[in-house]
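Presented below is the structure to which this report refers.
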Amino acid sequence: MAEIVYRQYIGESDLPHIMSLVQTELSEPYVIYTYRYFLHQWPQLAFLAIPAGSSVPIGVIVCKQSMHKHIANRGYIAMLSVNKSWRQRGVASTLVRRSIEVMKQHGVDEVVLETEYDNIAALALYESLGFIREKRLYRFYLNGKDAFRLVLPIPPDEDQDTPLPYHSHCQPIRTSPFAYVIDEDEDDD
């Protein structure tokens, strides 16, 4: 089995690869501005999986982290895609774990995502990582399919004295404990 190298997003040069993977493997269509929304504000929460000796990614995860309703420091997995021929090798679970570890460094309270209600592989992956089904979202996707919202509660880390403050432009701000992005989406319960 080929070794896989995991690395964070490094800039616009990664964008065509990310878009290609997501457009090929996911049912939801995204415009370039959606990718840039996540990648420009939270580049440290995007990871690529690349086979050793190659420059073409075979897996990607794109996430964000912000304050939700002034209460919870919420991580959100927006996109996770692995090339079909590279599945069942732990690529997706490694991408999810790496993203969650970075979120934990910034004091995340919970991580949420949506996936199609009949995507058995995705549901099995996330449930194996501790996510639980929070609710069913009817006709959530543009294709008319329902989704499940999954949530992973993150217990406080006993080893970390205080989480790094989190800022929308990804750089920890060490001067103010209140430097958080406010997520005002009312439809994102």
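The values are calculated or read from the model by the stated rules, or taken from the named source; none is laboratory data. Just so you know, these numbers come straight off a predicted model, no measurement behind them. Quick reminder, even Gly has a Cβ in these numbers, built from the backbone with ideal geometry, and neighbours come from all protein chains shown. In case anyone asks, the SASA skips ligands and DNA or RNA and just uses the protein heavy atoms, side chains included. Shrake-Rupley method; radii C 1.70, N 1.55, O 1.52, S 1.80 Å.
Worth a mention:
- All lysines inside 24 Å of Lys69 as judged from Cα atoms, apart from same-chain residues fewer than 8 positions distant: Lys104, Lys135
- Computed over the stretch 61-111: relative contact order in percent, which uses C-alpha pairs under 8 Å that are six or more apart: 44
- Whole-number accessible area per residue in Å² for the stretch 1-109, which is evaluated in the context of all protein chains at 1.4 Å: 46
- Apportionment of accessible area to carbon and sulfur, the stretch 45-161, percent (1.4 Å): 50
- In terms of its alpha-carbon gyration tensor, the stretch 86-133 comes out oblate; a/c meets the 1.5 threshold, while b/c is at least as large as a/b.
- Heavy-atom accessible area with a 1.4 Å probe sorts Phe140, Phe131, Phe148, largest first, into Phe140, Phe148, Phe131.
- The modelled label-to-label distance between Arg133 and Glu12, using points 7 Å beyond Cα along the C-beta direction, is 4.3 nm.
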